[in-house]
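Since the structure comes first, as structure tokens, the remarks are kept for the end.
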Amino acid sequence: MKLAAKAEQARKRPSLLRFSLWRVSHGLPASRQEQNQTGTVPTACADPSGFVAEMSRIAYSETTPDAQCRPTDWRGIVSSAADLAPSPAVAERVLEVMEQSDSTIGRLIEIIICDPALVARIMKAANSAIYGRQRVISSISEAIMVAGIPAIRGICLGACLKHGRNAWSEAEQMVWEHSLCTALACRNLAGKLRKTYGDELYTVGILHDLGKLILLQQIPKTYREVVNETTSGQSYLEAEGEILGYGHALIGALALDKWNLPEELCQIIVCHHGPEISVLDNLVYEKLNVLRFCNLLAHSLGYGHLPGYPDITAQLHRAGKKLALSERDTELLRAEVQQSHAGAVSLSSSGSRWQAILEKKPRQRKRSRTNSGFFLVRQWVRTEQP
């Protein structure tokens, strides 16, 4: 009886947008009648309630209507989304710190959490069935405690050795800078608002544009066209809707959902480019508004886009009002985040010795046992044992 009442309540609950998945993935309104009335083609979600669950269910179904009409197949991109390569600078810095005998685990973690790819790997591992978790892990600090230091070192060492030689494009570097700036802004703002979910917001902020990295990995040529289109005054949302028919928020949320990350985190990410929401009695909406504000703040500092990107100053101040922030508060926060971002970037700057090792030919590197990942994992695990 109780379950039936809950089901009836959920059915009657109004939702801001009732999208079927294939129309959402194509950037279409809920119905053709609504499309004819509005004349617009929204490409973002406004209501996170149950959205990711429905999308994931249909994403792995056998057929999707009109799937061949788009230049790329979003279902294939999500299905083939694998672990991403970390930033070359972060990878080199991680290897350098691991090699130092006097380095601490705290210093290593400070570097790791600056990279979206490494954070995603650790969150994926912590939320896997290996650790027999009793609840979902929603922040990177929790994930590190659940997985344990030896596992974290092994994950990061494997990723950095495998992808450390990969060169990043300008677009990937922009995504990294923007993600880091947004995460720092989320953490700073949560502290100013005296919220207890600062670590969760930092995790959401560092992962909110993971879809861009996936698209740059899966369809690099096509997505660079999207990036170039933003120089003519279009936002990422508009350029993606015109060229792809879906957005990076959709791809990132579905990939994270596939990796068993918390549903709330995926809901916030999939909606972070949607219309502004003034209702703050729901904790998810509150976190969503914080992420939207910090995303705009990072863009206002020049991170994440090329010259010619639309001016978002008015949007930033409107988003700040939703959080009861004045223009002066916003400017003070911008200065603090700018300083924090500069410190984080300098922290992840790399040395030179590991770069020389990584530039060797793979065959030569395999001959040296002291340079192998297996040796370093064993060496670091031993240092953690009492």
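The values are calculated or read from the model by the stated rules, or taken from the named source; none is laboratory data. As the structure is a prediction and not an experimental result, all values here were calculated from the model. Here the Cβ is made from the backbone with ideal geometry for all residues, glycine too, and neighbour counts use every protein chain on show.
Arg318 meets all of the listed conditions (1) within 30 Å of Ser128 (Cβ to Cβ); (2) in contact (Cβ under 8 Å) with a residue 24 or more places away in the chain but one, namely (1).
The set of residues in region 189-203 being modelled with pLDDT of 95 or more and either polar (S, T, N, Q) or under 17 Å from Leu84 (Cα atoms) (or both) consists of Thr203 alone.
May I ask you to verify whether Leu184 is surrounded by 21 or more Cβ atoms within 10 Å (Cβ to Cβ) and aliphatic (A, V, I, L, M)?
Spelling it out, Leu184 is indeed surrounded by 21 or more Cβ atoms within 10 Å (Cβ to Cβ) and aliphatic (A, V, I, L, M).
Considering region 244-329, the qualifying helices (runs of 4 or more DSSP H), each wholly inside and each with 2 or more residues that are of a type in the set (Ser, Thr, Tyr), run over 283-300.
Failed condition for Gln339, given (1) more than 22 Å from Thr196 (Cα to Cα); (2) at pLDDT below 90; (3) surrounded by fewer than 13 Cβ atoms within 10 Å (Cβ to Cβ), with all others met? Answer for Gln339: the failing condition is (2).
Checking each residue in region 140-182 for being charged (D, E, K, R) and within 14 Å of Leu118 (Cα to Cα) picks out Arg153, Lys162.
In region 167-184, of all residues being farther than 24 Å from Val136 by Cα and of a type in the set (A, V, I, L, M), the one that is nearest to the chain's Cα centre (by Cα) corresponds to Val175.
Filtered by the rule that a residue be part of a loop (DSSP other than H, G, I, E, B) and touching a residue at least 12 places away in the same chain (Cβ under 8 Å), region 83-113 gives Asp83, Leu84, Ala85, Pro86, Ser87, Ile113. With respect to Ser179, determine if the residue is modelled with pLDDT of 90 or more, polar (S, T, N, Q) and within 18 Å of Leu347 (Cβ to Cβ). The answer is yes for Ser179. In a residue-by-residue description of region 225-233, the property of being touching a Cys at 6+ places or on another chain (Cβ under 6 Å) and either crowded, with 21+ Cβ neighbours inside 10 Å or under 22 Å from Ile111 (Cα atoms) (or both) applies to no position. Of the residues in region 188-197, at least one is part of a helix (DSSP H, G or I) and surrounded by 24 or more Cβ atoms within 10 Å (Cβ to Cβ).
Yes/no per residue for (1) buried (at least 17 other Cβ atoms within 10 Å of the Cβ); (2) modelled with pLDDT of 55 or more:
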| residue | (1), (2) |
| --- | --- |
| Pro29 | yes, no |
| Ala67 | no, no |
| Asp73 | no, yes |
| Pro86 | yes, yes |
| Val97 | yes, yes |
| Leu118 | yes, yes |
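Closer than 21 Å to Asp311 by Cβ, of a type in the set (A, V, I, L, M) and in contact with a helix residue (DSSP H, G or I) (Cβ under 6 Å, 6 or more places away or on another chain): is that true of Ala190 in this structure? In short, no. Among the residues of region 114-130, those identified as within 20 Å of Trp168 (Cα to Cα) and in a loop (DSSP other than H, G, I, E, B) are Cys114, Asp115.
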